[in-house]
């Protein structure tokens, strides 16, 4: 699922609109719960180096909150990295450029939504 497809899926599944909160980073989209306004997904285009990847390009990722007991096993999957600019014990950065199966991306998003709901 690419960035555009994932953004549309978030809107349809969670009735959440992406917000551009950072004028310095216009490609960052924050998705929040309607009631408590907590973030459950943050879509970003990051330089490869921010995730420890080779090359000078950028990669589209989404930051998602994860159960800390499961986070290490998910990080072993291709396309899943420690949460960039977040608490790495609780957040993952997941590639939106292929490599991560759609059902896993949806599962991780559901987990993030549930973990940030209260």
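From the list 110, 103, which one is loosely packed, with under 12 Cβ neighbours inside 10 Å, modelled with pLDDT of 95 or more and within 17 Å of residue 10 (Cβ to Cβ)? Talk me through it step by step, then tell me what you get.
Working: 110 fails: loosely packed, with under 12 Cβ neighbours inside 10 Å.
Among 110, 103, only 103 is loosely packed, with under 12 Cβ neighbours inside 10 Å, modelled with pLDDT of 95 or more and within 17 Å of residue 10 (Cβ to Cβ).
Looking at this structure, is residue 69 modelled with pLDDT of 90 or more and either at positive phi or assigned to a loop (DSSP other than H, G, I, E, B) (or both)? Break it down into steps so the answer makes sense when it comes.
Working: modelled with pLDDT of 90 or more: yes; either at positive phi or assigned to a loop (DSSP other than H, G, I, E, B) (or both): yes.
Answer is yes for this residue.
Tell me whether the stretch 37-46 contains one or more residues that are outside any helix (DSSP H, G or I), more than 15 Å from the chain's Cα centre (by Cα) and loosely packed, with under 13 Cβ neighbours inside 10 Å. Before the answer, list the steps.
So in the stretch 37-46, the residues outside any helix (DSSP H, G or I) come out as 37-46.
Then keep just the ones that are more than 15 Å from the chain's Cα centre (by Cα); that gives 37.
Subsequent filtering for residues that are loosely packed, with under 13 Cβ neighbours inside 10 Å retains 37.
For the stretch 37-46, residues outside any helix (DSSP H, G or I), more than 15 Å from the chain's Cα centre (by Cα) and loosely packed, with under 13 Cβ neighbours inside 10 Å: present.
Rundown of residues vs (1) part of a loop (DSSP other than H, G, I, E, B); (2) at pLDDT 95 or above; (3) in contact with a helix residue (DSSP H, G or I) (Cβ under 9 Å, 6 or more places away or on another chain), yes/no style:
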position: 4; (1), (2), (3): no, no, no
position: 8; (1), (2), (3): no, yes, no
position: 17; (1), (2), (3): yes, no, yes
position: 22; (1), (2), (3): yes, no, no
position: 25; (1), (2), (3): yes, no, no
position: 34; (1), (2), (3): yes, no, yes
position: 61; (1), (2), (3): no, yes, yes
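The values are calculated or read from the model by the stated rules, or taken from the named source; none is laboratory data. Note that this is a predicted model, so its numbers are computed, not measured. Cβ coordinates were reconstructed from backbone atoms using ideal geometry, including for glycine residues, and neighbour counts include every protein chain displayed.
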